[in-house]
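Peer 1: This is the structure I have questions about; it appears just below.
Bear in mind these aren't lab numbers, they're just calculated from the coordinates by the rules spelled out. The shown structure was predicted, so the numbers you read here are calculated from the model rather than taken from an experiment. Note that we place each Cβ from the backbone using ideal geometry, even for glycine, and neighbour counts take in every protein chain shown.
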Amino acid sequence: MAEIRDVAEYILRKQGSMTAMKLQKLVYYSQAWHLVWEEKPLFENEIQAWANGPVAPRLYAYHRGRFTVSPTEIKAEEPLLSADEVTSIDGVLGFYGQYSAMELSNLTHAERPWADARGDLPVGARCETPITEAAMAEYYGSLV
């Protein structure tokens with residue numbers, strides 16, 4: 001199983017510098033679709049339903065305080081991605097990579113996993129509720 005830094009580093013190497021928000025959303029979609037396509041998680045880290053969309057706090061710790069993240073700023077110790085993991089991430093980048101951070105944030109807001117995790121919280125309210133792997137697998141699996 002990949003580490004979240006492996007996934008983030010791979011995305012940055014493939015796409016180049018991007019906003020931290022866009023990186024978070026691409027990592028989220030990589031996890032969600034890997035759950036659907038491979039029926040197992042891509043990485044073990046929790047993803048939470050923050051105000052601007054899904055965020056993995058572990059990844060946030062690596063880019064905290066930066067608006068933009070470059071390929072040299074998040075380095076995996078020894079990036080080890082399997083062929084299936086690379087295929088999942090590449091599939092996500094092929095579909096979602098063209099969108100801006102705001103477009104990806106808006107998209108996640110319109111989808112059940114994030115919305116259900118936030119419940120009735122007001123717009124912009126702080127939230128650390130996890131978006132479960134089961135919720136991601138069920139929702140994105142229903143789209144195929």
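Peer 1: At most 10 other Cβ atoms within 10 Å and a DSSP loop assignment: could you name the GluC sites (Glu not before Pro) in the range 9-82 that fit?
Peer 2: Working: sites: GLU9, GLU38, GLU39, GLU44, GLU46, GLU73, GLU77; in loops: GLU39, GLU44, GLU46, GLU73, GLU77.
The qualifying sites are GLU39, GLU77.
Peer 1: Could you list the GluC sites (Glu not before Pro) in the range 108-138 that lie in coil according to DSSP, counting only those with at most 13 other Cβ atoms within 10 Å of their Cβ?
Peer 2: Numbers: sites: GLU111, GLU128, GLU133, GLU138; in loops: GLU111, GLU128.
Counting only loop positions with at most 13 other Cβ atoms within 10 Å, the GluC sites (Glu not before Pro) in the range 108-138 are GLU128.
Peer 1: Taking square-rooted eigenvalues a ≥ b ≥ c of the alpha carbon gyration tensor, is the range 4-141 rounded, prolate or oblate, where a/c under 1.5 means rounded and, failing that, a/b exceeding b/c means prolate?
Peer 2: Oblate.
Peer 1: Right, another one. With each run of n ≥ 4 DSSP H residues scored as -39500 (n - 2.57), what mean residue ellipticity at 222 nm is computed for the chain after dividing by its residue count and rounding to the nearest 500 deg cm²/dmol?
Peer 2: -16000 deg cm²/dmol
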